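The values are calculated or read from the model by the stated rules, or taken from the named source; none is laboratory data. What you see is a predicted model, and the numbers here were worked out from it, not measured in a lab. In this analysis, Cβ positions are derived from the backbone assuming ideal geometry, glycine residues included, and neighbour counts consider all displayed protein chains. The area values use the complete protein model at the heavy-atom level, side chains included, leaving out ligands, DNA and RNA. Shrake-Rupley method; radii C 1.70, N 1.55, O 1.52, S 1.80 Å.
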Amino acid sequence: MIDYDNVCFNIASFIGGLFVLEFGADKFVDHTAKVAERLRIPPTLIALLTAGAEWEELVVVIAAIAQHESPLAMGNIVGSSISNILGAFSLGLIFSPSNTTFDKSAKIYTGVLLGLTTLFTLFILFFQNLGRFGGAILILTFIIYIISIAWAIYKGMVAPPVDSDSDSDSSDSDSSDSDDEDESSVPLQKKPKHVRSPSSSTTTLYDNDRDVEAAPNTQKSRSRSNSNSPTPLPKQDPAACPLAEEMFDEVALDSIPQVQKPGKHSTLYHLAHLTFGFLALSLSGYILSHSISTISASFNLSSSLLGVTLLSFATTLPEKLVSIFSSQRGESGIVIANTAGSNIFLVTLCAGVLFCSGDLASLKLEGVTGFEVAAMWLSSVVLFGIVMYGGRRWMGWALFGAYVAFIGGEFVLERH
C-alpha cells in the first residue's frame, strides 16, 4: 500500500531541495572565486574550477554515498551526462536565432570530453573490478585534465571556459559584491580647469572640450566679434570696480562633496559566505538523495532509475536555462563550456569519488544498465560531430526527441 502522504511530502522536499541546491552552489562558487582571487591564485585555475564545474552534482554524489545509496549516485552521474547533451545542449540549438558555428576551443573541449567519456564507458563495462584503484585513476585523470587545460590556456591554444552560471545567478549573488571594484569613490561632477588671464578681466573656463569667455562689457564683445580687426578690451582698475574683481576670483573646487562607496569586503566576509554556501549544498544533497530514495522505495523502483531520470533532469535545470539564454545571444562558447565542462567533471571527479568511497557491491547489483551507458557514450559522439560540422535547429529537435525517447524507454524497460 502506497503512503501518498509520505510521497507528497518527499516530492515537496525534493523541490525545496533543488532551490537550496542552486542557492548554495551560487554562493559557494561566487565566493570561492573571490577568496581565490584574494589569495592570488591564477585566474585560469579559478575559471577551470568554477566555470562548468558541477560542484552541486558532487555534493549529491557524496550525500548518496553517505546514505548507502551508491546506485543513486551512479545513476545521477550517467543521467546528468546524458541530460546535459540531449536535454540542455539541444535546447541551445533550438533557441539559437541562426545556424551555430563553434570555434577551435569548443572543438578541443568536446574532443577531450569524447575521450574521457570513452574511458569512463570502458571502465564501467570491463574494468569495474578495479574498484578503488579505478576510482583513484579517474580522480588522477581529472587532475591531469585541469593541468593540461591550464597549460593550453596559458599557451593560448584554447580559450578559458566562460562562467555558465552567470546568467542564472546574476541577481542572486549579493549586489554588495560589486563593492569589490578598484574605485573607492566617485566625484559628484568632473572638475573643470579654471584659468584666469593676468592681463585682462576676461576669464576662460575650460569645460570638457569647450571654452567659454566671460567679459564684463558684453557690448564691446559683440562689436569685437563683428569687426574684422578685433579691438582688445581696456584694462580696468580693480579698485574702481571691486565687484567685478570679486566675480572673477578663482573658485576652489577641492571642496566639492564626493559620494563615497562602501569599501571592499574583507576576506573573512567571503569565507563566511563560502562556508554558508557549502552548508547549503550539504543540506540540499541530503534532502535530494533522501527524498529520491523514499520515493523509489514507495513505488518499488530502483534508485538508479530515478537517478538517471528524475534526479539528473532536476539537477541540470540551471544548465538548460543557461543554454537557452546563451544561445539566444549567440554565445556558443558558454553553451559548450556548460556542456563539455560539466560532463568532464562528472565522468572523472564525481565518478572517481564514487568508486573510491561508494559501495562497490551494490554498484554491481543495481548499477546502470548497458543501455544507459551506450546512451551516454553515443551522446558524446553526437555532440562532437555537431561541434565539428556546425549546429542546426533541426539537430536540436532531434536531440531533444531522443532525450524524451530515452526517458520513456527507461521506465518501459524498468517495468518489464
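Condition test on D254, is it among the acidic types (D, E) and at pLDDT below 55?
Taking the combined requirement at face value, the residue satisfies it.
Kindly indicate which of L378, L365 is at pLDDT below 85 and either surrounded by fewer than 22 Cβ atoms within 10 Å (Cβ to Cβ) or under 20 Å from E410 (Cβ atoms) (or both).
It is L365.
Any idea which of L305, L378, L346 is assigned to a helix (DSSP H, G or I), without any contact (Cβ under 8 Å) to a residue 40 or more places away in the chain and hydrophobic (A, V, I, L, M, F, W, C)?
The conditions single out L378.
Return yes or no: is I153 at pLDDT below 85, within 21 Å of the chain's Cα centre (by Cα) and assigned to a helix (DSSP H, G or I)?
So I153 fits the description; yes.
Across region 81-116, what is the total count of residues that are of a type in the set (A, V, I, L, M) and closer than 15 Å to Y389 by Cα?
3
Go through region 130-149 and give me each residue that's more than 25 Å from the chain's Cα centre (by Cα), open to solvent by less than 30 Å² (accessible area, probe 1.4 Å) and closer than 13 Å to F120 by Cβ.
Once the filter is applied, which keeps residues that are more than 25 Å from the chain's Cα centre (by Cα), open to solvent by less than 30 Å² (accessible area, probe 1.4 Å) and closer than 13 Å to F120 by Cβ, region 130-149 yields G134, G135.
Do we find a residue being modelled with pLDDT of 70 or more and open to solvent by 80 Å² or more (accessible area, probe 1.4 Å) anywhere in region 170-178?
Within region 170-178, none of the residues are modelled with pLDDT of 70 or more and open to solvent by 80 Å² or more (accessible area, probe 1.4 Å).
For L116, state whether it is modelled with pLDDT of 90 or more, open to solvent by 10 Å² or more (accessible area, probe 1.4 Å), touching a Leu at 6+ places or on another chain (Cβ under 7 Å) and assigned to a helix (DSSP H, G or I).
For L116, the condition - modelled with pLDDT of 90 or more, open to solvent by 10 Å² or more (accessible area, probe 1.4 Å), touching a Leu at 6+ places or on another chain (Cβ under 7 Å) and assigned to a helix (DSSP H, G or I) - is not met.
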